[in-house]
Structures are given as C-alpha cells and as structure tokens.
Amino acid sequence: MASYNTLVFAGGQIHDYKSAGPAIMDALSECDDLTLTYVEEDLDVLVAPNLDAYDLIVFYYTVGEISDQQKNGLLNWVASGKGYVGIHSAADSFRTCPEYRAMVGGHFVTHPKYRDYQVSVVDEGHAITDGLTEFMVRDEQYILDYDLRNHVLCSALHKGAAMPVAWTKSWGDGRVFYLALGHDGDACGHQTFRTLLQRGACWAAQPVEA
C-alpha cells in the first residue's frame, strides 16, 4: 500500500482552528496510507523547498497575507504533481492573491447563518462520493464565486440555486479537492464530512496518472 506524507496546516483569523485542526487530524488518522504532520500558523512552511518532503497538504486557514515566496512555493509544488485539499475557509484565504484563488478554484463571497441544511451528491460515481447520497449537516454554508470548469461533487441549495459544497480540479500536474464544510470542530466531526475528507485526501495524494 502506498504511503503519502501529508502536511495538515491550520491557522488564520476568524475560524476556530484550535478545534478544527485536531478534528481534521483525528479524521485523517483513520487513513492507513497517510503519514501525518501537523503545523499551525507558520506559513513559511510553504516556502520552497520546505514542502518537498510531502505528497499532500490539507489546508485550513482564513484570510491572512501570503508572500511571493510562500505563494510560489505552494503553487509550484502542487503544479509539480502534488495534492492540495482546501477545507471551508481555505476559499477565504489570501484575498489579494488571485493565483491562490485560481488554484483553489473559487473564493468565498458570503454565508447565511450557521444552521442545518441538506447537501446533495451531484456525482455519485466519483471515488470521493461513491455510495453517498443526500445528507444533513449543521454548518456554515459558503456562497462562492467559483470556476465553472470545476468538477462539482456535492451541492446545497441557497435561495433556490445550487451552490457547490465539494469539487475537484487540477492545477498543473497536481490534484485539488475543495470541501466547503467544516466551520468548526463540531462540523469537522460530522461523519460524512470525515468520509469526504478522508476520501478526498487519498484521491488528491495520488499522482494524476494513477
């Protein structure tokens, strides 16, 4: 079985990364093919060649500023054939960096209040969503401006229109999985969130040719 060195990165403002980060680590610890390292707040871990030891980064961060060295380190590393998983506010990081937003595949616009809502599975045939159907969450729904070329896996209604909840895309030779769920530790503990995160991480970590 392949083993993928995985960096779980948590930090930033607004969101409670102190509860979400450990919940994400707990979910990913159930994946036998991921070897986990956990880092909080230090964005210099993104500067080349600091990511070279990893196959995958799982990113939970909000707003903040990214330097050119950090941005180039991350984006070039993913494009070289690595994996990126963005969770929730990863789509609201580095608002002044269009290149980062392009890699993620979209960015946060607004959100309704934290509430219960239904998520639908759009593509039931993908490895990440295989066997899943509609499910309920208690979370903060993100309304996103997103690239229509993204491969949407899950969506939820907002004012009568479907808004993506999970998608995949490529960045160079790398794989990107974005999951809009996971506002806080409780939301990250939801069983279907954990399943999507685990499968999405394993999918993103694999080389594209696999």
With θ set to phi - 60°, apply the Karplus curve 6.51 cos²θ - 1.76 cosθ + 1.60 along the stretch 153-163 and write out the HN-Hα couplings as whole Hz, x wherever there is a Gly or Pro.
9, 9, 8, 9, 7, 9, 6, x, 10, 6, 10
So for the stretch 1-63, what percent of the C-alpha to C-alpha distances run longer than 17 Å?
39
Cα gyration tensor of the stretch 91-155, axes a ≥ b ≥ c as square roots of the eigenvalues: rounded (a/c below 1.5), prolate (a/b > b/c) or oblate?
oblate
Placed amide H near His158: partners under 5 Å, 5+ positions off or other chain:
Met163
Looks like the stretch 52-98, by Cα gyration tensor root eigenvalues a ≥ b ≥ c and the a/c under 1.5 rounded cutoff (else prolate when a/b is bigger than b/c, oblate otherwise), is oblate
Taking Cα pairs closer than 8 Å and at least 6 residues apart, the relative contact order of the stretch 1-100 in percent is 32
What percent of all Cα-Cα pairs in the chain falls in each 5 Å bin, counting up from 0?
1, 8, 17, 22, 23, 17, 9, 3, 0, 0
Let me make sure I get this right: for the stretch 79-124, a, b and c are the square roots of the gyration tensor eigenvalues over alpha carbons, sorted descending. Under 1.5 in a/c it's rounded, otherwise prolate if a/b > b/c, else oblate. Which is it?
oblate
Can you list the lysines whose alpha carbon is less than 21 Å from that of Lys71, not counting same-chain residues fewer than 8 positions off?
Lys82, Lys169
For the stretch 144-210, which trypsin sites (Lys or Arg not before Pro) are both in a DSSP coil and crowded by at most 14 other Cβ atoms within 10 Å?
Arg149, Lys159
Quote the convex hull volume per residue of the stretch 169-210, based on C-alpha atoms, as a whole number of Å³.
66
Starting from the Cα-Cα distance between Ser19 and Arg138, subtract it from 0.36 nm times their residue separation and give me the gain in nm to one decimal.
41.3 nm
Residue by residue, what Karplus-based ³J(HN,Hα) values in Hz, rounded to whole numbers, does the stretch 69-81 have, using 6.51, -1.76 and 1.60 with θ = phi - 60° and x for Gly and Pro?
5, 5, 4, 5, x, 5, 5, 5, 5, 4, 5, 6, x
Read phi for every residue in the stretch 23-28 and hand back ³J(HN,Hα) as whole Hz from Karplus 6.51 cos²θ - 1.76 cosθ + 1.60, θ = phi - 60°, with x for Gly and Pro.
5, 5, 4, 4, 5, 6
How do Val122, Val8 rank by accessible surface area computed with a 1.4 Å probe, from largest to smallest?
Val122, Val8
Find the accessible area per residue for the stretch 1-88; the probe is 1.4 Å, ligands and nucleic acids are left out, and the unit is Å².
41
Please report the orientation-averaged projected area of the stretch 22-123, defined via the convex hull of its C-alpha atoms, in nm².
8.1
Work out how far the C-alpha atoms of the stretch 129-188 reach from end to end along every principal axis, then list the three figures in whole Å, largest first.
35, 27, 24
Whenever you get a sec, compute what percent of the accessible area on the stretch 34-124 sits on carbon and sulfur atoms (1.4 Å probe).
46
Suppose a student asked you for the relative contact order of the chain, using Cα pairs under 8 Å spaced at least 6 residues apart; what percent would you report?
24
Once label points are set 7 Å from the Cα along Cα→Cβ at both Asp68 and Asp33, what is their separation, rounded to one decimal in nm?
3.9
Sort Met25, Met103 from largest to smallest accessible area, using a 1.4 Å probe on the heavy atoms of the protein chains.
Met25, Met103
Restricting to the chain, compute how many DSSP beta bridges are antiparallel as a %, nearest 5.
50
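The values are calculated or read from the model by the stated rules, or taken from the named source; none is laboratory data. Note that the structure is predicted; figures quoted are calculated from it, not measured. Cβ sites come from the backbone with ideal geometry, for glycine too, and all protein chains shown count toward neighbours. In case anyone asks, the SASA skips ligands and DNA or RNA and just uses the protein heavy atoms, side chains included. Shrake-Rupley method; radii C 1.70, N 1.55, O 1.52, S 1.80 Å.
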